[in-house]
1. Scan the range 14-28 residue by residue and report those that are surrounded by 16 or more Cβ atoms within 10 Å (Cβ to Cβ) and over 18 Å from residue 149 (Cβ atoms).
2. State yes or no: is residue 62 more than 15 Å from the chain's Cα centre (by Cα), part of a loop (DSSP other than H, G, I, E, B) and surrounded by 13 or more Cβ atoms within 10 Å (Cβ to Cβ)?
3. Would you call residue 31 outside any helix (DSSP H, G or I) and surrounded by 20 or more Cβ atoms within 10 Å (Cβ to Cβ)?
4. Name the one entry in 127, 118, 143 that is free of Cβ contacts under 8 Å to residues at least 24 places away in the same chain and either buried (at least 16 other Cβ atoms within 10 Å of the Cβ) or within 16 Å of the chain's Cα centre (by Cα) (or both).
5. Of the residues that sit in the range 36-57 and are in contact (Cβ under 8 Å) with a residue 40 or more places away in the chain and farther than 23 Å from residue 90 by Cα, which one is farthest from the chain's Cα centre (by Cα)?
6. For residue 154, only one of the following conditions fails: (1) in a helix (DSSP H, G or I); (2) in contact with a helix residue (DSSP H, G or I) (Cβ under 7 Å, 6 or more places away or on another chain); (3) over 26 Å from residue 41 (Cα atoms). What is its number?
7. Which of the residues belonging to the range 21-42 are within 14 Å of residue 61 (Cα to Cα) and at pLDDT below 90?
8. For the subset of the range 76-106 comprising residues that are without any contact (Cβ under 8 Å) to a residue 12 or more places away in the chain and part of a loop (DSSP other than H, G, I, E, B), which member is farthest from the chain's Cα centre (by Cα)?
């Protein structure tokens, strides 16, 4: 996805950085479908109001994406108790968008992060490559990119 479209949808800074990554991995599918774990999904991984078989416009998808990213960002920042670098923030926002607030809140990754074990927390991303007990190549790729981004500004990495 082009950054210009995200900027036009009102996303800036970390939201735009994470948004490019999330959009790339989620892909844009404008008709509601069932994802690999059985959840009705549309646009850029939107699930909350997705309708199976409904077709969405580009504008609707961008608006849903902007709202979804903002909600996930708010939930992420509500759970994290330490300041994040821009790269950590973007990596964890991409991860949070993919796994959801509940999984994030209950993760060992968050425990490490909030304990100040930043490298350990980034390394935990590599463990989250399964969907419905199946290892997915797309998740392996996504988590490695998130992990590299997460570690990129840490001096002790």
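The values are calculated or read from the model by the stated rules, or taken from the named source; none is laboratory data. Everything numeric in this text was worked out from a predicted model, so none of it was measured. Because the Cβ atoms are built from the backbone with ideal geometry, glycine has one as well, and the counts that use them run over all protein chains shown.
1. Taking the range 14-28 and keeping what is surrounded by 16 or more Cβ atoms within 10 Å (Cβ to Cβ), we get 14-23, 25-26, 28.
Once the filter is applied, which keeps residues that are surrounded by 16 or more Cβ atoms within 10 Å (Cβ to Cβ) and over 18 Å from residue 149 (Cβ atoms), the range 14-28 yields only 28.
2. Values: more than 15 Å from the chain's Cα centre (by Cα): yes; part of a loop (DSSP other than H, G, I, E, B): no; surrounded by 13 or more Cβ atoms within 10 Å (Cβ to Cβ): yes.
No: the conditions fail for residue 62.
3. On the way: outside any helix (DSSP H, G or I): yes; surrounded by 20 or more Cβ atoms within 10 Å (Cβ to Cβ): no.
So residue 31 does not fit the description; no.
4. Numbers: 118 fails: free of Cβ contacts under 8 Å to residues at least 24 places away in the same chain; 143 fails: free of Cβ contacts under 8 Å to residues at least 24 places away in the same chain.
Result of the check over 127, 118, 143: 127.
5. 38
6. In the conditions (1) in a helix (DSSP H, G or I); (2) in contact with a helix residue (DSSP H, G or I) (Cβ under 7 Å, 6 or more places away or on another chain); (3) over 26 Å from residue 41 (Cα atoms), residue 154 misses (1) alone.
7. Of everything in the range 21-42, nothing turns out to be within 14 Å of residue 61 (Cα to Cα) and at pLDDT below 90.
8. Looking at residues that are without any contact (Cβ under 8 Å) to a residue 12 or more places away in the chain and part of a loop (DSSP other than H, G, I, E, B), I get 83.
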